[in-house]
């Protein structure tokens, strides 16, 4: 199942993407008299398998007669995640290009949800820097809340699905102190999407082709099989110190090919379009515009 959040006619809603179209779920729930249906994607995730069962039921009952949402503006597929974790230097070649050895423990930092944007939305070029960079990534969406540590062997049971992420980074702000928070949290710097693909449809997150293009130039190309720390390891590690919640997002790190380590460095500029494509999920496309 491919789940999207979108805006149409000034109204935010969510639905299922099928054959390139989005079927509005609240409209289906209302048409079939289901009053206690999840109101948004976070509520759907929190409802667990019971929520997905309701979605399947209304889609089956519609039998191909479900209404297309029409022309929409995609939003982050989960606009309000409780937490957004980012994993740094999780691909050996990226660590190497950045001049680091692989860390024995995951390098982590936090993103704020209000930096997230959907596919098709604009990335604002920062007024204070000319070092805007790209980082295409796999992102994992947690499906169940849990208090305490989650065992590695149980970790995949807590996954709801997967999406693509672009960890757009302002490099001089990232490295002007030892803390990454400023460089990783500029406004509109967190493209996420275009959809969440549930884990029953995308069964193996550790064998997905991942590419990043800037305009028509291929900048990153790898497979998630190259990740040093896999999804179960990261879930287990994070849950050592914090309770994971349904709807949390974990960005799993970027492969080699970022701009700031090229010779000479390449940075994004106004007018550039960045496309992160994740196998099984689709294309996350955003254009850099002037911040007026």
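The values are calculated or read from the model by the stated rules, or taken from the named source; none is laboratory data. All of these numbers come straight from a predicted model, not from anything done at the bench. Glycine gets a Cβ as well: all are built from the backbone with ideal geometry, and neighbour counts include every protein chain shown.
Quick look at the numbers
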read-out: Among (1) surrounded by fewer than 20 Cβ atoms within 10 Å (Cβ to Cβ); (2) not assigned by TED's automatic domain parsing to the domain that holds residue 244, the one test that residue 45 misses; value: (1)
read-out: Residue that is farthest from residue 200 (Cα to Cα) [pool: residues in the stretch 259-292 that are assigned to a loop (DSSP other than H, G, I, E, B) and within 17 Å of the chain's Cα centre (by Cα)]; value: 279
read-out: Residues of the stretch 195-230 satisfying the condition of being free of Cβ contacts under 8 Å to residues at least 40 places away in the same chain and in contact with a strand residue (DSSP E or B) (Cβ under 8 Å, 6 or more places away or on another chain); value: 206, 207, 218, 221, 223
read-out: Selection within the stretch 96-113 - without any contact (Cβ under 8 Å) to a residue 60 or more places away in the chain and either buried (at least 20 other Cβ atoms within 10 Å of the Cβ) or not in a loop (DSSP other than H, G, I, E, B) (or both); value: 107, 113
